[in-house]
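Every read-out reported here was derived from the displayed coordinates using simple, explicitly stated rules and does not represent laboratory data. Because the structure is predicted, anything quoted here is derived from the model rather than measured. Note: ideal-geometry Cβ built from the backbone for every residue, glycine included; neighbour counts use all protein chains shown.
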Amino acid sequence: SRREGFSAIPNVKWEDVGGLSLLRTEFDRYIVKRIKHPEYYEEFGVDSETGFLLYGPPGCGKTLIAKAVANEAGANFIHIKGPELLNKYVGESELAVRTIFSRARTCAPCILFFDEVDALTTKRGKDGGWVVERLLNQLLIELDGADQRRGVFVIGATNRPEVMDRAVLRPGRFGKLLYVPLPTANERVLILKALARKKPLAGDVNLQVIGESDACQNLSGADLAAVMNEAAMAAVEEKEMTIGEGNPSTGQCLIKTSHFEQALQKVSPSVSEQQKNYY
Ligand code: ATP
């Protein structure tokens, strides 16, 4: 596993992301094109970098799409986990924030992704106390230094936008709010298709029918990834059994409809009905 804060161009492509096409358009306009053609934006005096906040239930593709944006733009990606930043550098969190932004500038163009950003930006005076307050102030200083932020694009992600300090949601900070919802039936089909890109599916598997079925209702992208994985495991196990019975494998091992049926028995929605209607 990689060190936290390590920067590299991620290997997630647009095709790996199912649905979320509106977000893709937004990111294409605000980040990808800017990184590819900075000169156009300078010529027309378009304001410098805006920050984004992705919010919504867990497991619906916030991290995935942020990585795909970096890949598409050919930019580096730095993944910061809010709670880790807070806990690991107690007493030094301001310095840690400064270091992160400075590293991001060094490897620009760069997407700086703050996962669980709510941990860093809880309303001042609440839970976290002075540690969060000082860290938050430093974060605001960095976010406001737009000139210095050239080529550094900040994306935050949260399941709890309501606990965040209003001050960080202003333009230029995490100013553009983008909702990442639980997928609709049709979006589930798109997600399954994206997840199946590198999987050996039998010809009879109909992802359209599976994705739209009741068994998939309320499943998140992460749940669908679990379904795909369980189905692949069922296929492997079937192959092992065939070999065990003394029938040497003919080489082909495909994921069939029956494997998806087994998988769907095992996976249930991780996002509750209550959570779902929360945003
Ligand atoms: P959290 O709020 O828990 O951090 P998240 O919204 O960032 O969740 P991701 O980490 O992007 O969720 O998704 C987890 C995994 O679920 C992905 O690695 C991918 O396998 C699958 N997944 C989620 N959403 C999608 C999607 N829209 N298309 C394809 N796969 C998805």
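Annotations for the structure displayed:
- Helix runs (DSSP H) in the chain reaching 18 Å along axis by Cα, Kyte-Doolittle at least 0.5: 130-144
- In the range 129-242, the inverse of the mean reciprocal separation of distinct Cα atoms equals 18.0 Å; this is its Kirkwood hydrodynamic radius.
- Student exercise, the range 1-100 dipole from Lys, Arg, Asp, Glu Cβ charges, in Debye to nearest 20: 380
- Within the range 1-73, the trypsin sites (Lys or Arg not before Pro) that combine a DSSP coil assignment with at most 12 other C-beta atoms in a 10 angstrom radius are Arg2, Arg3.
- Placing +1 on each Lys and Arg Cβ and -1 on each Asp and Glu Cβ, with no other charges, gives the chain a dipole about its Cα centre of roughly 640 debye.
- Directionally averaged projected area (the chain, Cα convex hull): 17.1 nm².
- Within the chain, percent of DSSP bridges classed antiparallel, to nearest 5: 15
- Rel. contact order, % - alpha carbon contacts under 8 angstrom, at least six apart, the chain: 23
- For the range 148-232, a simple Cβ point-charge model (Lys and Arg +1, Asp and Glu -1, everything else neutral) yields a dipole of about 800 debye relative to the Cα centre.
- By the rule of a C-alpha distance below 17 Å, with chain neighbours fewer than 8 residues away ignored, the lysines paired with Lys193 are Lys13, Lys256.
- Among Phe44, Phe6, Phe153, the ranking by other beta carbons within 10 Å of each residue's beta carbon, starting with the fewest, stands as Phe44, Phe6, Phe153.
- Divide the volume of the convex hull around the Cα atoms of the range 52-204 by the residue count and you get 127 Å³ per residue.
- Peptides 203-212, 101-110, 52-61 ordered by average Cβ neighbours within 10 Å, highest first: 52-61, 101-110, 203-212
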